[in-house]
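All remarks here apply to the structure that follows.
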Amino acid sequence: MVPRILVIDDDQKITAFLNRTLTYEGYQVEAANDGESGLNAALEADFDLIVLDLMLPGLSGWEVCRRLRQASTVPILMLTARDEVADRVRGLDSGADDYIVKPFALEELLARVRAILRRHGGLTPETLEYTDLKLDTAAREAYRGTRAIQLTATEYGLLLLFLRNPRHVLSRDLIMDRVWGYDYDGESNVLEVHIGNLRQKLESGGEKRLIHTVRGAGYVLRDLDIRGR
């Protein structure tokens, strides 16, 4: 069963980003933009995880968390710009399972989501495959045939995105948004560098290229020898 995640955050940019990111990870995502509607949604449906911002209009995230804990055992990951120790302690004391501070690293957020879902039985490991390329998401190990491939966290994120979307052209902006995050402001050629490194690792055993550049559009995972697929 696909894990269901509810995002409660009044920042539409972050909500849209989390929706896209978590959807690409294979989760079913819904969103609410204030405390009251978020609390109602969480109580009316069965979710596997609540991603909850603290600074919400109407009911605060602390109050939403407290009321949820009175009626439900659903895991809660608090997401906030407040980085004071007292705020983190208050959030955890309110019943949250974990706490992450904005701006966050995407891989850290996803790791925390996976860890919470594993602890609560809401995550089933999977193996993604395309031709002779395989990615074990539980062990975070990649293979080209029987050859193991060591990946950095960024390369893993790129490969995961491609394997979840084989034969689909992914724009540069979409990849940057998904892998580096909504607030990334780094070097302009960082994507090209990491794509080059990933290709080198995937092809170091003499295997054919699977990640192709689509000029003016982006990149695609495709076996050019397979017609019509």
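Listing for the model above:
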| item | result |
| --- | --- |
| Residues satisfying the stated conditions in region 190-229, i.e. in a helix (DSSP H, G or I) and either within 21 Å of the chain's Cα centre (by Cα) or loosely packed, with under 14 Cβ neighbours inside 10 Å (or both) | V190, L191, E192, V193, H194, I195, G196, L198, Q200 |
| Qualifying residue in region 25-32 (condition: modelled with pLDDT of 90 or more, out of contact with any helix residue (DSSP H, G or I) (no Cβ under 7 Å at 6 or more places or on another chain) and surrounded by 15 or more Cβ atoms within 10 Å (Cβ to Cβ)) | no |
| Odd one out for L54, checked against (1) within 17 Å of V113 (Cβ to Cβ); (2) modelled with pLDDT under 90 | (1) |
| Selection within region 134-155 - touching a helix residue (DSSP H, G or I) at 6+ places or on another chain (Cβ under 8 Å) and not in a loop (DSSP other than H, G, I, E, B) | L135, A142, R144, I149, A153, T154, E155 |
| Qualifying residue in region 53-65 (condition: of a type in the set (S, T, Y) and either touching a residue at least 40 places away in the same chain (Cβ under 8 Å) or exposed (fewer than 15 other Cβ atoms within 10 Å of the Cβ) (or both)) | no |
| Matching residues in region 113-138 - criterion: being among the aliphatic types (A, V, I, L, M) and over 25 Å from I50 (Cα atoms) | L128, L133, L135 |
| Any pair with Cβ under 6 angstrom, 6 or more apart, that starts in region 135-147 at a residue that is without any contact (Cβ under 8 Å) to a residue 12 or more places away in the chain and ends at one that is surrounded by fewer than 19 Cβ atoms within 10 Å (Cβ to Cβ) | D136/T127; Y143/K134 |
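Residues checked against (1) closer than 30 Å to V64 by Cβ; (2) modelled with pLDDT under 80; (3) surrounded by 14 or more Cβ atoms within 10 Å (Cβ to Cβ):
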| position | (1), (2), (3) |
| --- | --- |
| D83 | yes, yes, no |
| V89 | yes, yes, no |
| L109 | yes, no, yes |
| D132 | no, no, yes |
| D136 | no, no, yes |
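The values are calculated or read from the model by the stated rules, or taken from the named source; none is laboratory data. As the structure is a computational prediction, the values presented were derived from the model and not from experiment. Glycine gets a Cβ as well: all are built from the backbone with ideal geometry, and neighbour counts include every protein chain shown.
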